[in-house]
Each structure stands twice: as structure tokens, then as C-alpha cells.
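Notes follow once the structure below has been shown.
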């Protein structure tokens, strides 16, 4: 605990050291060191092992973040391509002022406030143009998406 280990960790390490001493008692040689030196060496090494484990934690091979993404099924890829073409065609039917706002909001990820600020438009105008654009897109994409 003097070296910064939490109380529970220090207790756990002490138990592990005592188990190690018990199991390796036959390997102790009085001519090489005293019992206290041997005990402190085992404790020190066990503490170093714990620090290394904390520094480089073991990874879980089943962690979803480490698994490769599933391959897209061919029929899903075709359907996604068709949806993309339909959305692009529907965007072309919008007035440019509405299509530009849709692109900023969804392709660039800008918030309504950012669009209003950067396009020098009132926030209400941005929201109403986006609402109108969605209504037109919905009508043009019914049954496709």
C-alpha cells in the first residue's frame, strides 16, 4: 500500500505472494538469501506483474469492436444502390436553395444553427426550407425507400 496500491489490491497481492511462497518453499536456499529477501523479491515481482497487466490489458477477442464488420449481402447492396439513385434523383427535383440545405445538413452534418450562421439565413428560414424539402422528398420517394 505504501507504493500506491489500493487496499483490496494489496490484500490480493499478499495472498498471491503467500500462495507462491507455500508452493515454492522447496526452492528456497538459505545460502543465496534470507527468507525476508526472498519474500520481498516475490512480492515485488508480483506487483510489477500487476502494473504490467494494467498498462497492457488483455484484449477480449470477442469484443464487437475488434470483429470485422459483416459483409453486405448482394441483394442488400443492390437495394442500397437503387435507393441512392432514387434519393439523388429526388434531390435534383428540389429547388437549389432547398437542395443546398439538405446537402449541408446530411452530407456535411451541420446543425440547423450552423447552416443559418454560415449561410447568413434566419434559423426559421432554414427550418422551414428543410421541412418543405423533406415533404417534397417524401412524396417523391414513397415506396422506394
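The values are calculated or read from the model by the stated rules, or taken from the named source; none is laboratory data. Note that the structure is predicted; figures quoted are calculated from it, not measured. Please note: Cβ atoms are built from the backbone with ideal geometry, for glycine as well, and neighbour counts cover all protein chains shown.
A few points about this structure:
Yes or no, residue by residue, for (1) in contact (Cβ under 8 Å) with a residue 12 or more places away in the chain; (2) within 30 Å of residue 23 (Cα to Cα); (3) touching a strand residue (DSSP E or B) at 6+ places or on another chain (Cβ under 6 Å):
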| site | (1), (2), (3) |
| --- | --- |
| 41 | no, yes, no |
| 55 | no, yes, no |
| 63 | no, no, no |
| 98 | yes, no, no |
| 130 | yes, no, no |
| 142 | no, no, no |
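- Residue match in segment 74-88 (condition: modelled with pLDDT of 85 or more and either in the same structural domain as residue 120 (by TED's automatic domain parsing) or not in a helix (DSSP H, G or I) (or both)): no
- None of 13, 67 is exposed (fewer than 11 other Cβ atoms within 10 Å of the Cβ), outside the structural domain of residue 140 (by TED's automatic domain parsing) and either modelled with pLDDT under 85 or touching a helix residue (DSSP H, G or I) at 6+ places or on another chain (Cβ under 7 Å) (or both) except 67.
- Test: residue in segment 45-52 that is free of Cβ contacts under 8 Å to residues at least 24 places away in the same chain and assigned to a loop (DSSP other than H, G, I, E, B): no
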